[in-house]
Amino acid sequence: QKEVEQDPGPLSVPEGAIVSLNCTYSNSAFQYFMWYRQYSRKGPELLMYTYSSGNKEDGRFTAQVDKSSKYISLFIRDSQPSDSATYLCATEILTGGGNKLTFGTGTQLKVEL
Amino acid sequence: NAGVTQTPKFRVLKTGQSMTLLCAQDMNHEYMYWYRQDPGMGLRLIHYSVGEGTTAKGEVPDGYNVSRLKKQNFLLGLESAAPSQTSVYFCASSYSTSVGDGYTFGSGTRLTVV
């Protein structure tokens, strides 16, 4: 079992829809939770991060963490074609040897006109 | 533009050949990482470095070696390439253990071993 599980999709939605992307994780020691966005043939870029359970909002994006159920979500409101990308969730443990991320496999999202 | 630069962008190798992938960052980041990305497997950490002259093994280090002789450069070597090493390789760097800084990724090297 992978430490971070993510539905690979692809997920196709019409423009303006609300998108829900989800991950589950198994290690209760994970401290930080992130979402990265990866456009085709590009490297991932950090979209949002959260530390505690609850919601964090940034414009049209809302990240949600439920530590009790080990569940991570990203919501995208009023989705745009420019949101079409692969979304990777990631978790992190800080150690004396440097922070290391564990990534989900990514969910491919396509927002259609 | 500041960031992480990977060279080459594409490469085709024959089984048994060797090559070195170069990663350079100009953000004065302490930490650097090499990942490989495969369909259905996600990003997997190969090796990483927490500072100049240091390296450590990640999740999938076998068949790879690394060196960090200068703070700004992190090299990934394949001594004897195998078809299983066909992948997209990403280098990343980070300033510190502060998660808010995130990782800055390069645009990747697409390697095919035939």
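Each reported figure results from applying straightforward, stated rules to the coordinates on display, with no laboratory input. Given the structure is predicted, the values throughout are model-derived calculations rather than measurements. All Cβ positions, glycine included, derive from the backbone under ideal geometry; neighbour counts span all protein chains shown.
So the values come out like this:
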| quantity | calculated |
| --- | --- |
| Selection count, region B:71-92, where residues are in a loop (DSSP other than H, G, I, E, B) and of a type outside the set (A, V, I, L, M, F, W, C) | 5 |
| Filter result for A:Ala90 (of a type in the set (A, V, I, L, M, F, W, C), more than 11 Å from chain B (Cβ to nearest Cβ) and within 30 Å of B:Ala56 (Cβ to Cβ)) | no |
| Test: residue in region A:8-27 that is more than 8 Å from chain B (Cβ to nearest Cβ), free of Cβ contacts under 8 Å to residues at least 40 places away in the same chain and touching a strand residue (DSSP E or B) at 6+ places or on another chain (Cβ under 9 Å) | no |
| A:Glu45 vs. criteria surrounded by fewer than 17 Cβ atoms within 10 Å (Cβ to Cβ) and in contact with a helix residue (DSSP H, G or I) (Cβ under 7 Å, 6 or more places away or on another chain) | no |
| Residue under evaluation A:Gln80, criteria (1) away from chain B (no Cβ under 14 Å); (2) buried (at least 17 other Cβ atoms within 10 Å of the Cβ), criterion not met | (2) |
| Whichever residue in region B:65-98 is under 20 Å from B:Thr7 (Cβ atoms) and touching a residue at least 60 places away in the same chain (Cβ under 8 Å) and, among such residues, is farthest from the other protein chains (Cβ to nearest Cβ) | B:Glu79 |
| Members of region A:50-65 that are among the polar types (S, T, N, Q) and under 12 Å from the mean Cα position of the chain (by Cα) | A:Thr50, A:Thr62, A:Gln64 |
| Filtered residue count, region B:48-64, keeping only those that are assigned to a strand (DSSP E or B) and either touching a Lys or Arg at 6+ places or on another chain (Cβ under 8 Å) or away from every other protein chain (no Cβ under 14 Å) (or both) | 2 |
| Which numbered condition A:Phe30 misses (of (1) of a type outside the set (S, T, N, Q); (2) within 14 Å of chain B (Cβ to nearest Cβ); (3) part of a strand (DSSP E or B)) | (3) |
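Every residue, every condition in (1) in contact with a Ser or Thr (Cβ under 7 Å, 6 or more places away or on another chain); (2) not in a strand (DSSP E or B), yes or no:
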| site | (1), (2) |
| --- | --- |
| B:Gly16 | yes, yes |
| B:Leu21 | yes, no |
| B:Ile46 | no, no |
| B:Val66 | yes, no |
